[in-house]
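One structure is given below, encoded as structure tokens.
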Amino acid sequence: MRRLSALLFGLIAPLALLTPVASATTQAAQPRDTISWTPCPEEPAVECGTLTVPIDWNQPSSGTFEVGVARRKAADPAARIGALVLGAGGPGGSGVELVLGSSYTFSPEILRRFDIVGLDPRGTNRSHPVVCSTDVLTQAPDPLLKSQADFDRMLAFNDRLRADCRARTGPLFDHVDSLSTAADLDAFRAALGEEKLTFWGGSYGTLLGQLYAERYPSRVRAFVLDSTMDHSLDTRGFMDTETWGAQDAFNEFVAWCDRDSRCVQHGKDVRSIWKGLLERADRGELPVPGEPDTKVTAFMLISNAMGAFYDPANWQPLSQLLADLEAGETPRAGALPLAIDRTQEVSPNPFQIFCLDYRLPVRDYREFSKHLRRLAKIAPDMRYSPLAIGPVISCLGQPDPIPNPQHRLKVRTNTPLLVLNSLHDPATTYPWALSTTQQLGRSGRLLTYEGWGHIVYGRGACGTEITDVFLISRTLPAPGTRCPAVPPTEVQTLRKPVTPLPGTPGWMPPGLLK
């Protein structure tokens, strides 16, 4: 089971047609040295190492840093096909951790036929993480801006936070975009001695797969985009589709409560109960567990529900939480997002990756308030998705140009990329999968899982087996293939239920959940 929840489930999502990316990073990546492999302290069966790459691929002489990498060798060397790269979600997930836990996550046949490899994306974990003052992080203003003064305060806070993070992180802070990580991945490929790569990326990790396939199509063997990003949406498109996904997930939760007696609200008006809780949160009448003087805000409650919607295994605990809050009882420990550990001087903050990958401009409070009113119509129960609010607010004021702005995909690979998506995914919404597949054209093929949750692999035999066959033999499912939903109580997932941990949809940068 291990500790894979936060790594397999990515935080964010996609956006808009903007300017073309710089061409310098499309050239063949050459590592500065080879990798010295040693057994990983956490798992001796896995080898760990580092790879030296430029801070700025457009100016390789400006300095270098080390990327953390890992490898689990194929269990049957005689049957080995090549290297399977695992692309972690987030931003902020760890490819190294995915490799460390791969024996629990991937099928025996995949483990037998592939070296399982991964890297920590630049700016995260073992790859020179972006760090910021914990004290500054916790001073973030309320994300639900209510005036132009609030908007100006958020801009000022973001400027102060960026300056602090840049000073503590160094020059890499301005080069943690996923396009640069794709160049790092190609350097990793060269260091491994592989002519082509096989790839499975989940959630935000699918952006890495898309960018790599777009820039190095001849080095693509078989790529899987599991719960995919759509890197082509503008601010409105991003916020609307995220919010649509939140309301769709809530509707599915309500439908489950109507039909399943294990829901504490079975036989009751769930929408009315939810509305009442949000109104009490608005009035400051919901206490944080163990902190009676601190109140649960509506944003916190909605964020917690979003985290639960990542996996239907969380529906019953969510229903119990709502019952506890309705009854005025203290929710169980861990039911709501916990505050950041203030004892640490600095804290990791990988969200800068998103701000360098997506430009989501909002001119002023007037425009922001128009977004909120529109979202409330899209999601009459949820109001909005925290994933529609948090990214936009957190990246306000990001200087232009950014290195990896949104654009429509131009992928031309010999083997089409396999796109997997749940019909009711609350984070990487199904419309994103449809859009991404359409952009891929002949270089894409969509497999739809007709159920719930985020990440298809491991969520039932159908999608898992189709993925395994594709990775091993490059045999695609027939166009329009759909895998039936597995009832929530029967899902035999290899993952623990998802909670709002860093790198998951219910989580926001420290300081926003208040």
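Summary of values
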read-out	value
Of residues in region 410-434 being in contact with a Gly (Cβ under 9 Å, 6 or more places away or on another chain) and part of a helix (DSSP H, G or I), the one surrounded by the fewest Cβ atoms within 10 Å (Cβ to Cβ)	PRO431
Region 45-59, residues that are open to solvent by less than 60 Å² (accessible area, probe 1.4 Å) and under 14 Å from LEU172 (Cβ atoms)	THR52, VAL53, PRO54, ILE55, ASP56, TRP57
Sole exception among (1) in a helix (DSSP H, G or I); (2) surrounded by fewer than 24 Cβ atoms within 10 Å (Cβ to Cβ); (3) touching a residue at least 12 places away in the same chain (Cβ under 8 Å) for PRO405, by number	(1)
Any hit, region 69-79, residues being in contact (Cβ under 8 Å) with a residue 60 or more places away in the chain, surrounded by fewer than 18 Cβ atoms within 10 Å (Cβ to Cβ) and among the acidic types (Asp, Glu)	no
Selected residue [crowded, with 24+ Cβ neighbours inside 10 Å, touching a strand residue (DSSP E or B) at 6+ places or on another chain (Cβ under 8 Å), of a type in the set (Val, Ile, Thr) and modelled with pLDDT of 95 or more] from THR235, THR206	THR206
Matching option when the condition is surrounded by fewer than 24 Cβ atoms within 10 Å (Cβ to Cβ) and either in contact with a helix residue (DSSP H, G or I) (Cβ under 9 Å, 6 or more places away or on another chain) or of a type outside the set (Phe, Trp, Tyr) (or both), among GLY170, GLY201	GLY170
Residue that is nearest to VAL224 (Cα to Cα) [pool: residues in region 438-467 that are among the polar types (S, T, N, Q) and touching a residue at least 40 places away in the same chain (Cβ under 8 Å)]	THR467
Failed item in (1) free of Cβ contacts under 8 Å to residues at least 12 places away in the same chain; (2) buried (at least 23 other Cβ atoms within 10 Å of the Cβ), with SER473 passing the rest	(2)
Of all residues in region 291-317 being of a type in the set (Ser, Thr, Tyr) and under 21 Å from THR429 (Cα atoms), the one that is nearest to the chain's Cα centre (by Cα)	TYR310
Top-ranked residue in region 252-293 [being polar (S, T, N, Q) and loosely packed, with under 13 Cβ neighbours inside 10 Å; ranked as nearest to SER422 (Cα to Cα)]	SER261
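Here's the yes/no breakdown for (1) open to solvent by 60 Å² or more (accessible area, probe 1.4 Å); (2) in contact with a strand residue (DSSP E or B) (Cβ under 9 Å, 6 or more places away or on another chain); (3) modelled with pLDDT of 90 or more:
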site	(1), (2), (3)
PHE309	no, yes, yes
PRO317	no, no, yes
LEU321	no, no, yes
ALA339	yes, yes, no
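The values are calculated or read from the model by the stated rules, or taken from the named source; none is laboratory data. Keep in mind that what you see is a predicted model, and the values were worked out from it rather than measured. Cβ: placed from backbone, ideal geometry, glycine included. Neighbour counts: every protein chain shown. In case anyone asks, the SASA skips ligands and DNA or RNA and just uses the protein heavy atoms, side chains included. Shrake-Rupley method; radii C 1.70, N 1.55, O 1.52, S 1.80 Å.
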